[in-house]
Every structure is written in structure tokens, then in C-alpha cells.
Amino acid sequence: MKTSITQFQSYLEKEKNMAKNSVLAYLRDIREFSSFVEKKSGITPLEATEADTAAWLLTLKQEDKSGATVNRKLASLRAYYKYMILAGKLTSNPSVSIKTPKIARKEVEYLTIEEVELLLEQPDESVIGIRDRAILELLYATGLRVSEVIEANLEDMNLRMGFITCNGEHGKARIIPLGRPARAAMEEYVFSGREKLLREKKDEEQALFLNYYGERITRQALWKLICAYAKKADIEKKITPQTLRNSFAVHMIQNGADIKSLQELLGHEDISATQIYLSVSKNRIKDVYDSSHPRA
């Protein structure tokens, strides 16, 4: 089993060019399923049947796993078996006929333009404040995922032309333009703040965003700084990097962006992931109608 997982990992990384975090999630799901069938029937995943797959998903539901989590684990299993068929280890996929559970659509959490402006005003003029302003401006200007921000390198940023190159998930590169405020904030950070954070690691660290010790900023640190500035701005909403990504998408739609362009900017494989932002725009139009029309 260890060999098959190692081969699957190599396939995801080299053939599918999948992002590191996605690969780790897939492998974690396969190991979890492997442990389940071994305890249940004393078999390996290569010997598992459709009934074993269904039993695992049922167990996940009984453990109150969300529909999104169950769907992701099923997707991992299908990808694993698809690879095993390509590798000649299996002739059929025992997960292919399993139906995915319906997912209750969550309400999109986003900030108003006024709240975004208030958040962006919070960083001070210290070295860390210059960095944090650049991070916040970049998140809102581009809609990047938190993983894409922390994994970005200095070479990905083209300040002369005003864009950032993002490899994103599934290894598909996309070029995202920066607005004037984001570009100005990034210029100040790259040419001033970042140089001071580098310290003695000038020739070693290629990361775009650095912590106080001149090392690549972590996911946890980025989340914490966003929460800290939201609290400082007295914004009562729970704000995460995803909130800024949602705000980017919602404001783009509200100001006339077409869905296909937004899909490309966000790096969504499936356009249905982008279409959730259309419902927000429709709800806003109805609210405007209800509050404005004399016979609404």
C-alpha cells in the first residue's frame, strides 16, 4: 500500500502539477480510507469494493462530516483509483458509481467597499505595517487564495508592468493585474520594507512576504494579522483571507465583470464555483429595488 500511495503522490505532483496542499489532502484521505478498510475487512484499498467505499462515506456522515468534506474525500478516492487503473493495478473503479451528497450552499461572507477601505487604513508606517498593507491590498486587488499569497516568490511580482503571476492549484499559471493602490503598496514593501526584513538572509530567501525573522510568512501569521486589523477597525464581521477573496469577487460582479473573466482571475476549475457570487449580486439588486421602487 505504501508503494501505491508513493506512486500516486508522484503522479499528482509531476503529471498533474497539483499544488502541495492539495496533494497532502489527497494523500491524507487515501490513508484514512486505507485504515478504514483494513480495520473493517482486513483488506487494502486495491481490494476494496463499491460496498466498502459506500460504508466509508456512511461512516463519515455518521461522524457529522460536512457534505463538502465527504465530497472532497470521495474525489480523492476517485482520483486514486483512476490512477491505479492507468497504472494497470486495477481494471475498475469501485468509487465511480457512488453518488456525491448534496451540499447546503453557504451564504457568501464579504465586506462592503466601505469596510474594505476601513480595513486597508489600519496598518501603520512601521516595517511590519508596510508589509501588512501590501498583503491586504494584494488580497483584495487580486482575490488570491491564502496559500497562493504565502507561496508567492519575489520573481512572481512584476511591478513595472503591474501584475503578479500565480501558479495556483493544479499547476495552472495565471496572470493577475494589480490596481494602482495595490501596486503602490507593493512597491513600497518590495523596495523598502522587504529589504529590512531580509536581514542577513539576503541571498537565501526568495519568498515575497517575509516575517520578522526574514523567513517566509506562515498561513497562521497571515490569518492573525487580518483578524488583528479587523478588530482594530471595529469591524464586527468575522474576517478571514477568504472573506477578502469573496469581497474581491462580489465587488467585481457588482461593477460589471463577466463570470468567465472572474473565473479566470480566481483560478476556478469549475465555473459553478464562480457562479455563487452571482446570487449575491442578484440579492443586492432585489434589495435596491425593494428600497427604491415606490410600488415594490
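Of all residues in the range 202-237, exactly one satisfies the criterion of being touching a strand residue (DSSP E or B) at 6+ places or on another chain (Cβ under 7 Å) and exposed (fewer than 15 other Cβ atoms within 10 Å of the Cβ), namely Gln206. Is it the case that some residue within the range 38-52 is closer than 27 Å to His268 by Cβ, surrounded by fewer than 16 Cβ atoms within 10 Å (Cβ to Cβ) and outside the structural domain of Gly267 (by TED's automatic domain parsing)? No, the range 38-52 contains no residue that is closer than 27 Å to His268 by Cβ, surrounded by fewer than 16 Cβ atoms within 10 Å (Cβ to Cβ) and outside the structural domain of Gly267 (by TED's automatic domain parsing).
Please indicate, with yes or no, whether at least one residue in the range 29-37 is among the acidic types (Asp, Glu) and within 30 Å of Glu151 (Cα to Cα). Checking the range 29-37: at least one residue is among the acidic types (Asp, Glu) and within 30 Å of Glu151 (Cα to Cα). Of Tyr140, Tyr189, all but one fail to be crowded, with 20+ Cβ neighbours inside 10 Å and more than 23 Å from the chain's Cα centre (by Cα); the exception is Tyr189.
Being assigned by TED's automatic domain parsing to the domain that holds Gln7 and out of contact with any Asp or Glu (no Cβ under 6 Å at 6 or more places or on another chain) holds for only one residue in Lys73, Lys82, and it is Lys82.
Being over 17 Å from Glu188 (Cα atoms), touching a strand residue (DSSP E or B) at 6+ places or on another chain (Cβ under 6 Å) and part of a helix (DSSP H, G or I) is the filter here; which residues of the range 115-165 pass it? Across the range 115-165, the qualifying residues are Thr142, Glu148. Before we move on, is Leu58 out of contact with any helix residue (DSSP H, G or I) (no Cβ under 7 Å at 6 or more places or on another chain), among the hydrophobic types (A, V, I, L, M, F, W, C) and part of a helix (DSSP H, G or I)? Against the criterion (out of contact with any helix residue (DSSP H, G or I) (no Cβ under 7 Å at 6 or more places or on another chain), among the hydrophobic types (A, V, I, L, M, F, W, C) and part of a helix (DSSP H, G or I)), Leu58 qualifies.
Within the range 2-51, the set of residues being over 18 Å from the mean Cα position of the chain (by Cα), of a type in the set (Val, Ile, Thr) and assigned to a helix (DSSP H, G or I) comprises Thr3, Ile5, Thr6, Ile30, Val37.
Conditions (1) at pLDDT 85 or above; (2) surrounded by fewer than 12 Cβ atoms within 10 Å (Cβ to Cβ); (3) within 18 Å of Ile30 (Cα to Cα), marked per residue:
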position: Ala54; (1), (2), (3): yes, no, yes
position: Leu58; (1), (2), (3): yes, yes, yes
position: Gln62; (1), (2), (3): yes, yes, no
position: Gly67; (1), (2), (3): no, no, yes
position: Arg78; (1), (2), (3): yes, no, yes
position: Met84; (1), (2), (3): yes, no, yes
position: Val96; (1), (2), (3): no, no, yes
position: Lys106; (1), (2), (3): no, yes, no
position: Glu109; (1), (2), (3): yes, no, no
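The values are calculated or read from the model by the stated rules, or taken from the named source; none is laboratory data. What you are looking at is a predicted structure, and each value in this text was computed from that prediction instead of being measured. As a convention, Cβ positions derive from the backbone with ideal geometry for all residues, glycine included, and neighbour counts pool all protein chains shown.
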